Amino acid sequence: AQSGEVAADPQQYDQAYLSPVTIGNSELMLDFDTGSADLWAFSNETPASQSQGHERYDSATGTELDGYSWSITYGDQSGAGGNVYTDKVVVGGVTATRQAVEAATSVSASFSQNIDSDGLLGLAFSSINTVQPRQQTTFFDTVRPTLAKALFTCDLRQGDAGSYTFGYIDSSKYQGTVTYVPVDDSQGFWQFTAGGYSVGGDNATSGSVGTAIADTGTSLLYLPAAVTKAYYEQAGGRYDNQQGGYTLPCNGGAPDFSVAIGGKTFTVPGSYIAYAPLTTGSSTCFGGIQPDTGIGFSIFGDVFLKAVYAIFDVSQGSPRLGFAAQ
Ligand SMILES: O=C(Cc1ccccc1)Nn1cnc2ccccc21
């Protein structure tokens, strides 16, 4: 049985985390994304005008799936599309011999401009893979039958290298016990229900967050508007229309944010929520918590995930998420 571990290296402000992946003879840095289900890369088929500074997948090592294509649009309206090959993909020593690899023939500006990232490796459910005419499986679904345990884990860290593991849980990476919650995969996401929350450690948990997804491909923590408002009232933040989100003082006084999941409380340190200065040297920061208005569910992105050890587990038949304090 296979198992393995790969580093997750943070970009500036932990905007995304990148991991080394070998595809055929190409070594690329990909953004592992539990919020989508396509494995795509800049390639020899991506226009030079769009791929300056990026490592590219050389599809010569692959077997083209004739007449197949893919096209994806993410929640922030970025996107990409192209052709499909099968090729050997290796992640931390775990090998998929015939993995669908989606070679980009076009990518949107934000992907071209982020030269650290050579593409994405989707880890949501294969039911939302965009390949036509026949949907393809994610890397995890491809290797799942060969894994020691049908699960992967995510240990993201604030401003430091973290890791993903496939096929095993590393109990040295968390403290205390793991709390498991059921996952509703009907929308293709790692979707769960979050409970009451508290701001700044006052134990009075108020309200309830509700339906949420665990999404490593999203940088921030998107919560219901009422929860977000309550947080910034205590944090001394304000909604800045020009910035298109809440901002708050960078000065280190931001309160912690705690949320109950499966009856256990998990805390995001206030320092994670003073996310990044509006511009270099500014004493006003863009908030790491933002309203989930219009999305349809809350998104527990990297700002939350780097405060916990997360286990994405399909070993029990129905999928479940495990969380433990880091
Ligand atoms: O798309 C989203 C979440 C989102 C953000 C803003 C509004 C609505 C939904 N994250 N994401 C997940 N994978 C991604 C890949 C690129 C860009 C964003 C990505």
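The values are calculated or read from the model by the stated rules, or taken from the named source; none is laboratory data. Treat the numbers as computed from the prediction; the structure is a model and nothing was measured. Cβ: placed from backbone, ideal geometry, glycine included. Neighbour counts: every protein chain shown. Accessible surface areas use protein heavy atoms only, side chains included; no ligands, DNA or RNA. Shrake-Rupley method; radii C 1.70, N 1.55, O 1.52, S 1.80 Å.
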### Query
How many residues are within 21 Å of ALA325 (Cα to Cα) and open to solvent by 30 Å² or more (accessible area, probe 1.4 Å) when one looks only at the range 269-280?
4
### Summary
Those residues of the range 164-218 which are of a type in the set (Val, Ile, Thr), under 20 Å from TYR74 (Cβ atoms) and in a strand (DSSP E or B) amount to THR211, ILE213
### Task
Go through the range 25-54 and give me each residue that's within 18 Å of VAL91 (Cα to Cα), touching a Phe, Trp or Tyr at 6+ places or on another chain (Cβ under 7 Å) and either more than 16 Å from the ligand (Cβ to nearest atom) or aliphatic (A, V, I, L, M) (or both).
SER26, LEU28, ALA37, LEU39, ALA41
### Message
I'd like the full set of residues that are crowded, with 21+ Cβ neighbours inside 10 Å, in a helix (DSSP H, G or I) and within 15 Å of the ligand (Cβ to nearest atom), limited to the range 219-264.
### Response
THR228
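SER206: in contact (Cβ under 8 Å) with a residue 12 or more places away in the chain and loosely packed, with under 14 Cβ neighbours inside 10 Å, yes or no?
Yes: the conditions hold for SER206.
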### Message
For the range 281-306, which positions are open to solvent by less than 20 Å² (accessible area, probe 1.4 Å), in a loop (DSSP other than H, G, I, E, B) and either at positive phi or away from the ligand (no atom under 13 Å from the Cβ) (or both)?
### Response
GLY288, LYS306
### Task
Kindly provide the set of residues from the range 100-124 that are away from the ligand (no atom under 11 Å from the Cβ) and either open to solvent by 40 Å² or more (accessible area, probe 1.4 Å) or part of a loop (DSSP other than H, G, I, E, B) (or both), ordered by number.
THR105, SER106, ALA109, GLN113, ILE115, ASP116, ASP118
### Query
So which of THR97, THR86 ends up being touching a Lys or Arg at 6+ places or on another chain (Cβ under 7 Å), open to solvent by less than 40 Å² (accessible area, probe 1.4 Å) and not in a loop (DSSP other than H, G, I, E, B)?
THR86
